[in-house]
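**Q** Sharing a structure below in structure tokens format, with a few things to ask.
The values are calculated or read from the model by the stated rules, or taken from the named source; none is laboratory data. This structure is a prediction, so every number in the text was calculated from the model and none was measured. Here Cβ is always computed from backbone atoms with ideal geometry, including for glycine, and neighbour counts include all displayed protein chains. Surface accessibility is based on the protein's heavy atoms, side chains included, excluding ligands, DNA and RNA. Shrake-Rupley method; radii C 1.70, N 1.55, O 1.52, S 1.80 Å.
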Amino acid sequence: MLGRLPLPSLFGLAVTLAFPAMATADTGTFKARGNEPGWHVEIGQRDLVFGTQDGGSVKISPVPEARTQDGSRIYDATADGRPFSLTIRDELCVDTMSGMPHPSTAVVRWGDQTYTGCGGEPRDLLLGEWQVESIEGSAVVPGSQPFLAFGTDGRLAGNASCNRIIGNYALTGETLTFSALATTRMACEPALMTQEQDVVRALGSVTGFGIDGQNNLVLLGGDTPRIVAKRR
């Protein structure tokens, strides 16, 4: 859990929040999936492929031209004699099984069945720079500006409070972790040096992340917020 209102059950339920468009990594495909029942969909350059856990599947070629409605992109087709539609909306969506946030919601309607889930790459929510607001629940030292920058190559950069910080980050289907964290060695006033150590220690304990109701990045250790940051 994020442990803060207004989203006390963020990782236990499928929830959607209005979320501004972020810079995304161009993979040439869009993927979405859902649970209970399990399903997946993928839009490639040529085909749209949909499948369910019970073995139902369909391939639609070529990919239908998307239409827009109320801010959503909708792909309409007929598949196996039944009307098919995929609706994608740029709203934060949290996977009900893994707790991993995704940048889009996805709804598939095929005949009289409806499947709801999450789409897009979680990494796209991280990319760019984030200004650290709090560490382990404590506000940063007044006037300090620690920040974290996530690159498309899995590299972390930024400033830990006094010194530059570098490292790696890794996303799996369920976790976010940091490794090979290092800082430069410039000496600063004691309060900043202590805060810098807190930043590095907090990053080392991170196991996942979320986006709260103010669109802040929340780096989590288990269900406990370790670092909260706002987009720069």
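**Q** Report the FRET efficiency, 1/(1 + (r/R0)^6), for Glu129 and Asp54, where r is their Cβ-Cβ distance and R0 is 45 Å, rounded to 0.05.
**A** 0.55
**Q** Here's something else I'd like to know. Report the one residue of Thr96, Ala139, Thr52 whose Cα lies farthest in the direction of the positive end of the charge dipole of the chain (charges on C-beta: Lys and Arg +1, Asp and Glu -1; origin at the Cα centre).
**A** Most positive-ward Cα: Ala139.
**Q** Follow-up. Relative to the longest principal axis of the chain, what angle (0 to 90°, nearest 10) does the C-alpha long axis of helix 190-204 take?
**A** 30
**Q** How much space per residue, in cubic angstrom, does the convex hull of the C-alpha atoms of region 75-132 take up?
**A** Details: hull volume 5.5 nm³, N = 58.
That works out to 94 Å³ per residue.
**Q** Select from Thr177, Pro37, Thr224 the residue farthest towards the positive end of the dipole of the chain; place +1 on Cβ of Lys and Arg, -1 on Cβ of Asp and Glu, and compute about the Cα centre.
**A** Thr177
**Q** At a Förster radius of 35 Å, what calculated FRET efficiency corresponds to the Cβ-Cβ distance of Met186 and Thr152, to the nearest 0.05? Don't skip to the answer; put the middle values down first.
**A** Numbers: r = 28 Å, r/R0 = 0.80.
For Met186 and Thr152, the calculated efficiency is 0.80.
**Q** Tally Lys/Arg at +1 and Asp/Glu at -1 over every other residue whose Cβ is under 13 Å from the Cβ of Thr183; what's the total?
**A** +1
**Q** Next up: From the phi angles alone, apply the Karplus equation (6.51, -1.76, 1.60; θ = phi - 60°) to region 125-140 and give each ³J(HN,Hα) in whole Hz, x where the residue is Gly or Pro.
**A** 6, 8, 4, x, 10, 10, 7, 5, 9, 8, 10, 6, x, 10, 5, 5
**Q** Just from its helices, what would the mean residue ellipticity at 222 nm be for the chain, if runs of 4 or more DSSP H residues each count -39500 (n - 2.57) and the sum is divided by every residue, rounded to the nearest 500 deg cm²/dmol?
**A** Calculated from helices alone, the mean residue ellipticity at 222 nm is -2500 deg cm²/dmol.
**Q** For Glu36 and Thr172, compute 0.36 nm times the residue count separating them, minus their Cα-Cα distance, and round to one decimal in nm.
**A** Gain in length upon complete extension: 46.9 nm.
**Q** At 4 °C and a viscosity of 1.567 mPa s, what translational diffusion coefficient does Stokes-Einstein give for the chain, taking Rh as the Kirkwood radius over Cα pairs? Give it in µm²/s as a whole number.
**A** Details: Rh = 19.0 Å.
Estimated via Stokes-Einstein, D reaches 68 µm²/s.
**Q** Please find the FRET efficiency linking Arg164 to Gln214, where r is the Cβ-Cβ separation and R0 is fixed at 30 Å, and quote it to the nearest 0.05.
**A** Efficiency computed from Cβ-Cβ geometry: 0.65.
**Q** Amide H of Phe209 versus every other amide H placed in the peptide plane: which residues, excluding those fewer than 5 positions away on the same chain, fall under 5 Å?
**A** Long-range HN contacts for Phe209: Leu176, Leu220.
**Q** Return the sequence-ordered ³J(HN,Hα) values of region 47-54 in whole Hz as given by the Karplus equation 6.51 cos²θ - 1.76 cosθ + 1.60 applied to θ = phi - 60°, using x for Gly and Pro.
**A** For region 47-54, the Karplus-derived couplings read 10, 10, 10, 10, x, 10, 5, 8 Hz, x marking Gly and Pro.
**Q** Which whole-number value in Å² is the accessible area per residue of the chain, probe 1.4 Å?
**A** 51
**Q** I've got another one for you. So, taking all protein chains as they sit and a 1.4 Å probe, how much accessible area belongs to Glu133, in Å² rounded to tens?
**A** 80
**Q** Working out 0.36 nm times the residue gap between Ala79 and Asp223, then minus their Cα-Cα distance, what length gain in nm do you get to one decimal?
**A** Once the chain is fully extended between Ala79 and Asp223, it gains 47.7 nm.
**Q** With only Lys, Arg, Asp and Glu charged, each at its Cβ (+1 for the first two, -1 for the last two), find how big the charge dipole of the chain is about the Cα centre; round to the nearest 20 debye.
**A** 360
**Q** If you don't mind, there's one more thing I want to ask. Show the residues, 5+ positions off or on another chain, whose built amide H is closer than 5 Å to the amide H of Asp95.
**A** For Asp95, the qualifying residues are Met100, His102.
**Q** Show me, for region 159-169, the HN-Hα J-couplings you get by feeding each phi into the Karplus relation (A = 6.51, B = -1.76, C = 1.60, θ = phi - 60°), rounded to Hz, glycine and proline as x.
**A** Working through the residues one at a time gives 10, 8, 2, 10, 9, 5, 10, 9, x, 10, 10 Hz.
**Q** Calculate what fraction, in whole %, of the accessible area of the chain sits on carbon and sulfur atoms when a 1.4 Å probe is rolled over the protein chains.
**A** Roughly 49 percent, rounded to a whole number.
**Q** Charges only on Cβ, +1 for Lys and Arg, -1 for Asp and Glu: so what's the dipole of region 47-104 about the Cα centre, in debye to the nearest 20?
**A** In total the dipole reaches around 100 debye.
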